[in-house]
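The values are calculated or read from the model by the stated rules, or taken from the named source; none is laboratory data. Because the structure is a prediction, the values reported are computed rather than measured. Here the Cβ positions follow ideal geometry from the backbone for every residue, glycine too, while neighbour counts run over all protein chains shown. Calculation scope for accessible area: heavy atoms of the full protein, side chains included, ligands and nucleic acids excluded. Shrake-Rupley method; radii C 1.70, N 1.55, O 1.52, S 1.80 Å.
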Amino acid sequence: MSSEESILKLREMLRTSENIVFFGGAGVSTESGIPDFRSEQGIYRTVTRYGCPPEQILSHTFFRSHTDIFYDFYRSTMIYPEAKPNKAHKALARLEEEGRLKAVVTQNIDGLHQAAGSRRVYELHGSIHRNYCMKCGKFFPLDHILQTQGIPKCDACGGIIKPDVVLYEESLDERTMIGSISAIQKADVLIIGGTSLNVYPAAGFIQYYRGDKLVLINKSETPYDGRADVLIHDSIGEVLGGAVDG
């Protein structure tokens with residue numbers, strides 16, 4: 001099936017479905033100018049600068065033992081406050097507004113789905129927009145992290161502030177997991193986009209899909225390509241934007 005035929009099939013699926021769920025990863029946000037730190041270039045740059053790979057820096061152990069280095073990496077690599085929603089984010093928000101998209105399940109922490117207008121978003125790995133004091137629990141917005149240097153401290157008790165993001169060695173939030181799995185189980189169309197489906201446990205969530213309309217949009221191949229009813233190796237922004245607006 002050609003790319004054009006696949007997009008036409010996707011467009012028809014979206015038009016006739018009432019319970020669509022989207023499951024996305026870093027590739028959705030790269031089109032907004034947020035680089036994937038897991039890319040070969042991103043890993044090389046991190047190892048060259050810090051002497052260790054990003055997965056180590058973004059671990060719970062590293063955060064506790066080298067909090068200052070963690071925040072240097074976090075501010076320079078994980079936060080892009082100027083990033084704006086792209087065609088994919090906007091298309092998904094429109095589908096939700098029309099009542100056809102029931103949920104977005106994302107591995108991203110940038111909040112761009114909400115910025116585009118999506119309301120039911122399950123953030124599997126948390127969000128840069130939520131930060132809390134590890135001592136007293138007070139919450140702080142992203143601006144507080146951006147306006148401070150070094151290790152950000154709580155203005156109420158002096159405790160260390162931690163981003164509400166899931167680090168390596170930490171568990172996913174239980175309520176977010178339950179909501180995500182429930183949405184995927186009920187979907188009549190599951191769209192997977194911008195993810196290599198290699199990051200677990202999040203990638204394992206698609207095993208809960210029981211429908212027969214699995215759409216996979218990613219520039220590179222994934223382990224699940226053979227299971228897709230519609231497979232498109234292209235820009236997710238162009239594909240979703242064209243399918244929704246076309």
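Just a few scattered comments:
- Two-site FRET efficiency, Glu169 against Ala115, from Cβ-Cβ distance with R₀ of 30 Å, rounded to 0.05: 0.55
- Overall, the accessible surface of the range 28-144 at a probe of 1.4 angstrom is composed of carbon and sulfur to the extent of 51 percent.
- Mean separation of Cα contacts under 8 Å, 6 or more apart, over the residue count of the chain: relative contact order %: 26 percent
- For the chain, the longest principal axis of the alpha carbon atoms and the long axis of helix 3-16 meet at an angle near 90°.
- Considering only alpha-carbon pairs that sit under 8 angstrom and 6 or more positions apart, the relative contact order computed for the range 118-246 is 18 percent.
- Simple point charges give the picture: +1 on the Cβ of Lys and Arg, -1 on the Cβ of Asp and Glu, and for the range 34-119 a dipole about the Cα centre of about 220 debye.
- Centroid-to-centroid separation of the range 127-142 and the range 173-197 [C-alpha atoms, Å]: 26 Å
- The calculated FRET efficiency for the pair Ile151 and Asp234, based on their C-beta separation and a Förster distance of 45 Å, comes to about 0.60.
- Shape call, the range 169-232: gyration tensor on alpha carbons, a/c limit 1.5: oblate
- Each Cα pair under 8 Å and six or more residues apart adds its separation to the average, and for the range 101-145 the resulting relative contact order is 32 percent.
- Heavy-atom surface analysis with a 1.4 Å probe gives the range 175-246 a carbon and sulfur content of 46 percent of its accessible area.
- Peptides 115-128, 96-109, 148-161 ranked from most to least packed, by the mean per-residue count of other Cβ atoms within 10 Å: 96-109, 115-128, 148-161.
- Accessible area expressed per residue, the chain, with surrounding protein chains retained (probe 1.4 Å, Å²): 49 Å²
- Nearest-0.05 FRET efficiency for Lys186 and Met134, computed from C-beta distance (R0 35 Å): 0.45
- Net charge dipole, the chain: roughly 540 debye, given to the nearest 20, about the Cα centre with Cβ charges of +1 for Lys and Arg and -1 for Asp and Glu.
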